[in-house]
Amino acid sequence: MSTLDDAAVDQLVRELGPAITTDPDAMLAYRRDQSVLTPAGAPCALVRARDADDVAATLRIASQHGVPVVTRGAGTGLAGAANALDGCIVLSVEKMNRIVRIDTDARTATVEPGVINADLAAAAAQVGLWYVPDPGSRAISSIGGNLATNAGGSCCAKYGVTRDHVAQLTAVLADGRVVRTGAATRKNVAGLDLTQLLVGSEGTLAVIVEATMRLRAATTDTATMVATFPDTASAVAAVLAIRARAEPRVVEFMDRTTIAAVDDMTHMGLDVTAAAMLLVQCDGRGAADDVRVCADACSEHGATEVYDTSDDAEGEAFMHARYVALTALERCGSTLLDDLAVPVPRLPDMLARIEGVAARYDLTIGTFGHAADGNMHPTIVFDAADPDTVTRANAAFADMVSACLDLGGSISGEHGIGVLKQPWLAAQVGETERELMRGVKRAFDPAGILNPGRGY
Ligand SMILES: Cc1cc2nc3c(=O)[nH]c(=O)nc-3n(C[C@H](O)[C@H](O)[C@H](O)COP(=O)(O)OP(=O)(O)OC[C@H]3O[C@@H](n4cnc5c(N)ncnc54)[C@H](O)[C@@H]3O)c2cc1C
């Protein structure tokens, strides 16, 4: 890969004016995402695109000069996928944050990629609609980034992940051409589904410049329950029973370490003697009945305490415990957050393996996550200033990913591969599948300038 020579910088300045800078201080804040212990290079230029034309001009000039481009949304990623590469152009789309239109009849919202998830949700709510995908970062992450990582969230248990809510995309290809994928219709089988190919592609195939996302009718009733368990196996048995009998929108899990950290921070009065806690939320007309079905399943599977409520404010107060899980663990030291998904029946094995890893490396690991999806976030707490604990944290991380693979799991449920998970990708997807992925990359980006070396 080349870097920008003076002629190319002049060309970019001519086309982009104030949208481009090569000031090292200005670029500093755009070098890294929020992942920990991932490498980040030094970019040669930062483009803060104002519109799709800026994106197209940047990519056209970058491909002419063979310069790598790292697209950046809000930079909240946790896999290092938006970290700068040495000599790259960082292409930020954060200023492209217009909600273009909300079509209440079609129940869609068309947005620029830099729109923050919570802003879209708020705009939809104003017209009685619901933008469902709700990553924990919804207040700070962008729709473009959510699409490029196929972000999950709490409501995935019932409503699926970001890819389940996208109708159409407009994207700029590596050479500056624009492609519009998908259709305005609810059903569409016209050729290969390029929309879904772009979802989760981590900025390696094209730059999303507009997205039409599906909205749902706002839910009316919700009901919430919380249950504590003497051991993690009972909690997972309850999850399996819940999944068999009801369709809650949220089924979240917290282990003993996380419960203690949350209680220490919030003084909520959580049962810190419990080994595990489940937070379950149902919605729709039968929400209160459904949540009682879930509560019964918990009682039948050994829950020590079960409490349910149809009061929205009280329900949100319960859910708060889960929302602040990572913040609570961050108070205990530096954190290395993992993102592992196993088949739900294998969760007890995964949780036991995580406990074994914590003991082996003498580290604190707090585990929380989306139980109905088998998607856990074991979070290693360590001292970033102590090289020995950094080494142990890295080794513990590697062991947990390997354990996940042993159990037939996926090395990433929702955060993506980026650079963080690359060492394990080959162990999960076979060589044939990987070669197909690389072939797709070549078809979209023959010169390989888009986030090269990232993902697959
Ligand atoms: C506190 C916290 C909680 C989180 N909770 C969750 C959670 O519950 N679920 C979850 O899935 N993730 C979660 N995340 C991770 C992160 O927020 C998501 O991965 C999010 O989707 C990233 O969006 P972003 O706008 O910050 O993207 P960035 O970090 O800027 O970029 C992420 C990737 O997307 C690419 N990209 C960004 N915009 C575009 C575009 N327009 N076109 C093409 N490629 C693009 C980048 O190149 C990069 O590969 C959390 C992060 C934090 C810090």
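Between helix 387-406 and the chain there is an angle of about 80 degrees, using the helix long axis and the longest principal axis of the Cα atoms. The alpha carbon gyration tensor of region 6-92 gives principal lengths a ≥ b ≥ c with a/c of 1.5 or higher and a/b greater than b/c, which makes the shape prolate. Model label points for Gln196 and Glu15, set 7 angstrom from Cα along the Cα-to-Cβ axis, are 3.4 nm apart. Please compute the net charge surrounding Val55, taking Lys and Arg as +1 and Asp and Glu as -1 over other residues with Cβ under 15 Å from its Cβ. With Lys, Arg at +1 and Asp, Glu at -1, the neighbours total -1. Maximal additional length on extending the Met268-Leu405 stretch stands at 45.7 nm, based on 0.36 nm per residue less the C-alpha distance.
Within the full protein context, the accessible area of Glu314 is estimated at about 70 Å² for a probe radius of 1.4 Å.
Sorted largest first by accessible area at a 1.4 angstrom probe radius, with every protein chain in place, the residues Leu12, Leu28, Leu240, Leu363 fall in the order Leu28, Leu240, Leu363, Leu12. At full extension, Thr22 and Ala426 could sit 141.8 nm farther apart than now, given 0.36 nm per residue minus the alpha carbon distance. Residues Met437, Met376, ordered by accessible area of protein heavy atoms at a 1.4 angstrom probe radius and largest first, appear as Met437, Met376. In region 179-227, a dipole from Cβ-located charges (positive for Lys and Arg, negative for Asp and Glu) runs towards its positive end, and of Thr204, Thr222, Ala183 it is Ala183 whose Cα lies farthest in that direction.
Going by the alpha-carbon gyration tensor, a ≥ b ≥ c the square roots of its eigenvalues, is region 130-215 rounded (a/c under 1.5) or, if a/c is not under 1.5, prolate (a/b greater than b/c) versus oblate? Oblate shape, in that a/c is at least 1.5 and b/c is the bigger or equal ratio.
If you sort Ile102, Ile259 by accessible surface, 1.4 Å probe, largest first, the order is Ile102, Ile259. Relative to the longest principal axis of the Cα atoms of the chain, the long axis of helix 312-323 makes an angle of roughly 70 degrees.
The 3J(HN,Hα) values that the Karplus relation (6.51, -1.76, 1.60; θ = phi - 60°) gives for region 7-19 are, in residue order, 5, 5, 4, 4, 4, 5, 5, 4, 7, 10, x, x, 6 Hz. Gly and Pro appear as x. Working note: Karplus 6.51/-1.76/1.60 with θ = phi - 60° gives region 372-380 the couplings 5, 9, x, 9, 10, 10, x, 10, 7 Hz, where Gly and Pro are set to x. On the beta carbon distance between Ala139 and Ala352, with R0 = 30 Å, the FRET formula returns roughly 0.30.
From the Kirkwood radius over Cα pairs of the chain, Stokes-Einstein at 25 °C and 0.890 mPa s returns a whole-number translational diffusion coefficient of 107 µm²/s. Let me make sure I get this right: for region 219-330, a, b and c are the square roots of the gyration tensor eigenvalues over alpha carbons, sorted descending. Under 1.5 in a/c it's rounded, otherwise prolate if a/b > b/c, else oblate. Which is it? Taking the square roots of the gyration eigenvalues as a ≥ b ≥ c, region 219-330 is oblate.
Among the protein heavy atoms, those of Asp308 account for about 50 Å² of accessible surface (1.4 Å probe, every chain in place). Ligands, DNA and RNA excluded, the heavy atoms of Arg256 present near 120 Å² of accessible surface to a 1.4 Å solvent probe. Projected label points at Asp388 and Thr220, each 7 Å from Cα along the beta carbon direction, are separated by 6.2 nanometres.
Which whole-number percent is the relative contact order of the chain (Cα, under 8 Å, 6+ apart)?
Details: 1036 pairs, mean separation 70.8, N = 456.
It rounds to 16 percent for the chain.
Inter-label distance, Ala395 to Gln64: 5.3 nm, where each label sits 7 Å from its Cα along the C-beta direction. In a fully extended conformation the segment linking Glu305 and Ala7 would gain 100.4 nm over its present Cα-Cα distance, using 0.36 nm per residue.
The values are calculated or read from the model by the stated rules, or taken from the named source; none is laboratory data. Bear in mind the structure is a predicted one, so any value in this text is a computation, not a measurement. Glycine gets a Cβ as well: all are built from the backbone with ideal geometry, and neighbour counts include every protein chain shown. Just so you know, the surface numbers come from the protein's heavy atoms only, side chains and all, with ligands and any DNA or RNA stripped out. Shrake-Rupley method; radii C 1.70, N 1.55, O 1.52, S 1.80 Å.
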